[in-house]
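What follows is a single structure, written as C-alpha cells, with notes after it.
Since every read-out is calculated from the coordinates, none of them should be taken as a lab result. Remember, it's a predicted structure, so these values are computed and weren't measured experimentally. Glycine also receives a Cβ, built like all others from the backbone with ideal geometry; neighbour counts cover every protein chain displayed.
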Amino acid sequence: MSGIGAERLLELALGASPALEEAELLRADGALAGELERLRADLALTACALASATEPAPAEGERLARAVLARTTRRRGLVLLRGRIAERWPESLALRVLAASLLVHLAALPVLGWYALRARPEEPRITFDLPRAEPPAPEAQARPPVAESVDALAYVRGGDLPALAPGEAENARRRARFLLHSAGAPPDLAADGADVGARGRLVARHARLLAGDSSAVVAEDVPAGDAVAAALAVDLALDRALLEERPVGLDPLLRLLDPRAPGAAGELHRAVARRALAYGWVRAERIATWGPDGLGALDGARAGDPLRPELGALVRAAAGADRDPALERWCDWLERPR
Amino acid sequence: MRGSWDGERDPLAALAAGDAALFEEFVRAEVGTFVGFFRRLGAGHHEAHDLAQEVFLKLFQHSRRYRPSERFPAFAFRVARNAWIDRGRRRAARGGGRVHAAGTVGEVEGLAPPRDEDEPDDELAGRARRLVRALGELSEAHRSVFELAVLQELGYQEVSALLGIPVGTVKSRMFHAVRRLRAALEGDGAQGEPA
C-alpha cells in the first residue's frame, strides 16, 4: 500500500475524512481503493456479527428499558433526591448527623412499640351516686322482740299509757302488729291470768290474718261497748281490705270508730280512722258523723287525701252561717283541685 | 449507537430542561447497545444488564448538573467505561476477580451464542462466533479501543480522551486489533469456501 499506511487506511475505513493527497491516491490507485472498501466491509461485518452475538433480543431489551425507566423518569423526584444525597454525603456533616439520628430513632421504634403494646390502657371508670336508704340504727336492730311485744300488748289492752305521745303510740301499735305477725303462734295467754278478752281477740286476729281465713270481719262480732275491740276490728278489716285490694262491707265497721273517744282507746280509734282516711275508704257521710271535734282530733289527716274536697264541704256545712274569712280560706284550700 | 444523540437531540440536555421524553427514547433505543458493550468487555449476561441499568441511572442523576462539553455518545461511554472500572474494583475488593488493566487479557464469559450441533451452521452466526472468540483473545486494552472506535463509532480523539491514552496509541491498538480480527475473518472465509 504505497502512499497510505495501514493504520491511516484503517482510520479512513472508520470514517475519517481523507486529505486531499489521500483522495488523489485513492482515485489513482484502484487496488488501494479496493483495499479500503474491503476493510470497511470487514469492519461493518465484524460490528454486525459482534452486535448480534452480544446484544439482547428486542423483547429482553424492552423489559430492561422498562426497568430502567421505572427507576428513573417514572420516579424522577425520588431518584434525583437520592442522587443529591449520595453526592453530598461525603462532604456534609449535617447530613450524616441527620442520617445517624434517623437510624437511632428507627432502631428505637420496636422498643417503643413493645412498651406501648405491653402497657394496658387504663379503662375509663364511670361512677354515679345512687340514693341509698340509711341503715337502721344499731340499737333498733339489737332490740329484743319479746320484751317489746309485752309492752305493746299492755298498751293495746288499754292500760295506763296516756303519757305516750301520739307518734310514739302509733309506733308502738305498728310494732305490736309486726311482732304478732312475725313471732309465730302466741303462748297460752290464759294461763297467766291476764286479760284474756283483749289477748284472745289479738290471737284470733293473728290466726285469721296468718292462716288465710277468708271470713269477713263484721260489726256484729264486735262486743258492744268494747272500744278497743271495735278499733281492732276495724283495723283488722282494713288489713283484710288491703289484702284483698277492695273494701267490702267496711262502712258498718267504720261506724264503730269514734275519734273523739278519750284515753288510749281514743288514740287507737283516731289512728285507725286516719288509716282509713289515708286509704280513701271513708265516705263523707261517715266523716260528717264524727263532727268538727272528731275532725279536729284527726290531726293526722294529710294534704292530698282524696277526701279533702269533701272535708271542705263538711266544714262549711258544720260552720253554717258563722264562717269567718279565715275559715273560708281554709275551706277553699281544702276544696281546691290538686 | 443506533441513534443520533447529539446537539438538539442530547437526552441529558433535554432532561435538564424538563423534557423526559427524549431520555426515554434514548433508553429504549440504546439499552441493547450498552448491554452489548459490557458483554463484549467481558461481563456476564446478568451483570451486563445490571451495568447497563447503572449507566442509565447515573446519566439520569447527572442530568441536574449536566453541561455538554463533548459529544453525548462520548460522554455516555465515559460513564459506561467508569462503571466497568468500578465493577472491576468491586470484584477486586471482594477478592472474586481482577482489575482489567490495559494490556491484560479480559474474560469473555459465554459471549458466543450457544450452538446447536444438530443445526446447520448459519454463516453469520458462525462468523460471529469466531469473531467473538478472536475478540476474547484480545487484551482488554485492544478490545476497548476496537469497541469504541468500530462498534460505537467514536473518533480517535474521543477514544483517546475517554481511555486517557495518546491518539497514537489508539491508532496502534486499533491496527493490531483489526489485524487479529481480520485474520479471524480470513480464516473464516478459507473455512467457508467450498472444497
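Take the Kirkwood radius over Cα pairs of the stretch A:1-121, plug it into Stokes-Einstein at 25 °C and 0.890 mPa s, and you get 115 µm²/s for translational diffusion. A simple rule links phi to the HN-Hα coupling: the Karplus curve 6.51 cos²θ - 1.76 cosθ + 1.60 with θ = phi - 60°, which for the stretch B:152-169 gives 9, 6, 8, x, 4, 4, 5, 5, 4, 5, 5, 8, x, 10, x, 4, x, 5 Hz, with x for Gly and Pro. Fewest-first ordering of A:Thr73, B:Thr33, A:Thr54 by other beta carbons within 10 Å of each residue's beta carbon gives A:Thr73, B:Thr33, A:Thr54. Listed by Cβ neighbour count within 10 Å, with the fewest neighbours leading, A:His269, B:His46 appear as B:His46, A:His269. Each label was represented as a point 7 Å from its Cα along the Cα-to-Cβ direction; for B:Arg91 and B:Arg65 these points are 3.0 nm apart. Packing-based ranking of B:150-162, A:311-323, A:33-45 yields B:150-162, A:33-45, A:311-323, ordered from highest to lowest mean Cβ neighbour count within 10 Å. Highest mean packing comes first when the peptides B:1-8, A:275-282, B:38-45, A:102-109 are listed by Cβ atoms within 10 Å, giving B:38-45, A:275-282, B:1-8, A:102-109.
For the peptide B:49-55, the mean number of other protein chain Cβ atoms found within 10 angstrom of a residue's Cβ is 3.
Taking every residue in B:59-70 and counting other chain Cβ atoms within 10 Å of its Cβ, the average works out to 3. Within the shell defined by Cβ-Cβ distances under 12 Å, the residues around A:Gly266 carry a net charge of -1, with Lys and Arg each +1 and Asp and Glu each -1.
Given Cα positions, please report Rg to Rh for the stretch B:1-55, the hydrodynamic radius being the Kirkwood one.
Working: Rg = 12.4 Å, Rh = 11.8 Å.
Across the stretch B:1-55, the Cα-based Rg/Rh ratio is 1.05.
Ordering A:4-13, B:47-56 by mean Cβ neighbour count within 10 Å, with the highest value first, yields B:47-56, A:4-13. Across the stretch B:33-44, coupling constants 3J(HN,Hα) worked out from phi with the 6.51/-1.76/1.60 Karplus curve, θ = phi - 60°, read 4, 6, 4, x, 4, 6, 5, 6, 6, x, 6, x Hz, and Gly and Pro carry x.
By the beta-carbon count within 10 Å of each Cβ, the least crowded to most crowded order of A:Cys331, A:Cys48, fewest first, is A:Cys48, A:Cys331.
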